[in-house]
Amino acid sequence: MKIAVIAGDGIGKEVTAEAVKVLHAVEQRFGGSYDLEHLPWSAEHFLATGETLPSNGYDLLRQFDAVFIGALGDPRVPDNRHARDILLGTRFELDLYVNYRPVKLLDERLCPLKERGPKDVNFVVFRENTEGVYVGIGGRFKANTVDEVAIQEEINTYKGVHRIVKHAFEWARARGLTKVCMADKSNAMTQGHALWQRVFKELAPQYPGVTATHYYIDALAMYMVLDPGQFEVIVTNNLFGDIITDLAATFQGGLGMAASGNIHPGRTSMFEPVHGSAPRFAGRNIANPIGAISSMALLLETLGAKDEAAAIDAAVLRAVQENRVTSDVGGSLGTREAGDFIAAGVTRL
Ligand SMILES: NC(=O)c1ccc[n+]([C@@H]2O[C@H](COP(=O)([O-])OP(=O)(O)OC[C@H]3O[C@@H](n4cnc5c(N)ncnc54)[C@H](O)[C@@H]3O)[C@@H](O)[C@H]2O)c1
């Protein structure tokens with residue numbers, strides 16, 4: 001497998017090193033060959049060269065089986081231009097329309113919700129990843145004056161909404177799950193989200209074994225906190241998915257625990273922890289590497305290496321249960337030591 005690795009900025013570099021360490025442990029245990037190419041694209045690279053990514057950057061990425069990204073964001077690049085090109089650009093250019101975020105609590109101790117355990121927090125969120133308000137269409141008129149008008153358009157297309165909602169139903173059916181919940185704000189956003197309603201109602205009858213429910217996004221946020229156990233699969237738009245998956249990450253023990261995939265089924269896809277570059281944590285060996293390591297497991301699972309992914313998941317679970325983790329989730333290990341423990345678990349378990 002050919003994998004492009006973009007460690008990026010801040011703690012992205014540290015957690016990526018641990019994810020790669022665990023991949024080497026997988027190689028040692030299961031054989032197989034992972035051909036990694038480390039790409040320097042980052043704030044550092046941008047500041048040194050003026051280039052966010054090369055002009056053939058997206059074509060280059062298409063040549064890999066998968067892309068792994070640490071995190072991007074650096075205070076020295078205040079407009080985040082490099083992150084926009086590398087991260088959002090890759091999502092759009094490679095048409096990675098499925099943002100896949102599993103929400104799985106590994107140990108009751110990590111959950112801030114009262115009396116909730118692993119059986120209550122186990123669902124996935126599918127976030128539409130190529131449309132919505134993130135396409136950057138809009139403008140500012142009379143910018144930086146008291147008369148400023150700022151417009152940011154939200155894009156919803158039939159094709160875009162249809163393929164993500166269909167993916168959610170297909171994913172549920174393939175795994176014997178019986179509940180798909182769509183969240184929108186069609187009561188207030190009566191144009192764009194009417195399209196979500198139409199598509200959801202059109203597709204739901206095609207999946208008779210699956211119960212299709214709908215919440216407005218504000219109600220869904222409330223129910224996620226009150227009763228997360230009612231959810232199996234949630235599907236929503238780009239902005240709402242971004243917000244609720246940070247909320248959901250707290251159920252798992254915080255941003256350091258959450259993994260994600262940006263997927264176009266059958267094509268080069270990109271995997272990354274949900275968290276950002278956390279500049280305050282950078283270079284201190286304190287960042288939790290589990291979000292990144294679990295993202296590597298998602299990468300392997302998506303490429304069909306199911307046993308390898310399961311071995312990583314088992315090693316992560318054991319690290320959490322034995323509290324051999326970083327301080328954000330109650331342990332006392334550094335980033336590297338937490339990664340060592342999980343890598344050793346992969347080779348031994
Ligand atoms: N996908 C990405 O690359 C991505 C995502 C979000 C933010 N960002 C960028 O990252 C920079 C910082 O953004 P932010 O502070 O809003 O979000 P962040 O996710 O970097 O950090 C927010 C807080 O979450 C906690 N946290 C995050 N990751 C952790 C980890 N691995 N271990 C332990 N604790 C962790 C820390 O308390 C941190 O202060 C910004 O430049 C932002 O644009 C990038």
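Restricting attention to the range 238-247, the residues that are out of contact with any Asp or Glu (no Cβ under 6 Å at 6 or more places or on another chain), more than 12 Å from the ligand (Cβ to nearest atom) and open to solvent by less than 10 Å² (accessible area, probe 1.4 Å) total 2.
Exactly one residue out of Pro54, Pro75 is farther than 17 Å from Thr335 by Cα, part of a loop (DSSP other than H, G, I, E, B) and within 14 Å of the ligand (Cβ to nearest atom): that is Pro75. Taken residue by residue, the range 4-21 has no member that is touching a His at 6+ places or on another chain (Cβ under 7 Å) and more than 16 Å from the ligand (Cβ to nearest atom). Restricting attention to the range 21-46, the residues that are in contact (Cβ under 8 Å) with a residue 24 or more places away in the chain and assigned to a helix (DSSP H, G or I) add up to 13. In the range 328-349, the count of residues that are in contact with a Gly (Cβ under 9 Å, 6 or more places away or on another chain), within 30 Å of Tyr97 (Cα to Cα) and near the ligand (Cβ under 10 Å from one of its atoms) is zero.
Residue count for the range 120-142, restricted to those that are modelled with pLDDT of 95 or more and open to solvent by 40 Å² or more (accessible area, probe 1.4 Å): 6. Residues of the range 248-280 that are of a type in the set (S, T, N, Q) and either within 7 Å of the ligand (Cβ to nearest atom) or surrounded by fewer than 19 Cβ atoms within 10 Å (Cβ to Cβ) (or both): Thr250, Ser277.
Can we say Phe64 is of a type in the set (Phe, Trp, Tyr), within 22 Å of Leu96 (Cα to Cα), within 14 Å of the ligand (Cβ to nearest atom) and open to solvent by less than 60 Å² (accessible area, probe 1.4 Å)? In short, no. Across the range 281-297, the number of residues qualifying as crowded, with 24+ Cβ neighbours inside 10 Å and part of a helix (DSSP H, G or I) comes to 8. Output the residues belonging to the range 1-54 that are over 17 Å from Asn288 (Cβ atoms) and polar (S, T, N, Q). Matches in the range 1-54: Gln28, Ser33, Ser42, Thr49, Thr52.
Scanning the range 171-195 for residues that are surrounded by 16 or more Cβ atoms within 10 Å (Cβ to Cβ) and within 22 Å of the chain's Cα centre (by Cα) yields Trp171, Ala172, Arg173, Leu177, Val180, Cys181, Met182, Ala183, Asp184.
It is to be established whether one or more residues within the range 102-119 are more than 15 Å from the ligand (Cβ to nearest atom), open to solvent by less than 90 Å² (accessible area, probe 1.4 Å), free of Cβ contacts under 8 Å to residues at least 40 places away in the same chain and not hydrophobic (A, V, I, L, M, F, W, C). Checked the range 102-119: at least one residue is more than 15 Å from the ligand (Cβ to nearest atom), open to solvent by less than 90 Å² (accessible area, probe 1.4 Å), free of Cβ contacts under 8 Å to residues at least 40 places away in the same chain and not hydrophobic (A, V, I, L, M, F, W, C).
Got a number for residues in the range 281-314 being of a type in the set (A, V, I, L, M), touching a Lys or Arg at 6+ places or on another chain (Cβ under 7 Å) and within 16 Å of the ligand (Cβ to nearest atom)? Residues in the range 281-314 being of a type in the set (A, V, I, L, M), touching a Lys or Arg at 6+ places or on another chain (Cβ under 7 Å) and within 16 Å of the ligand (Cβ to nearest atom): 0 in total.
For the residues Met270, Met257, the requirement of being more than 21 Å from Ile342 (Cβ to Cβ) and not charged (D, E, K, R) singles out Met270.
If the condition is being open to solvent by 70 Å² or more (accessible area, probe 1.4 Å) and of a type in the set (D, E, K, R), then the range 155-169 contributes Lys159, Lys166.
Among residues of the range 318-340 that are part of a helix (DSSP H, G or I), those with a beta-carbon under 7 Å from a residue that is at pLDDT 95 or above and surrounded by fewer than 17 Cβ atoms within 10 Å (Cβ to Cβ) at least six positions away or on a different chain give the pairs Thr335/Asn285; Arg336/Asn285.
The values are calculated or read from the model by the stated rules, or taken from the named source; none is laboratory data. These numbers come from a predicted model, not from an experiment. We place every Cβ from the backbone using ideal geometry, glycine too, and count neighbours over all the protein chains shown. All accessible areas refer to the heavy atoms of the entire protein, side chains included, with ligands and DNA or RNA removed. Shrake-Rupley method; radii C 1.70, N 1.55, O 1.52, S 1.80 Å.
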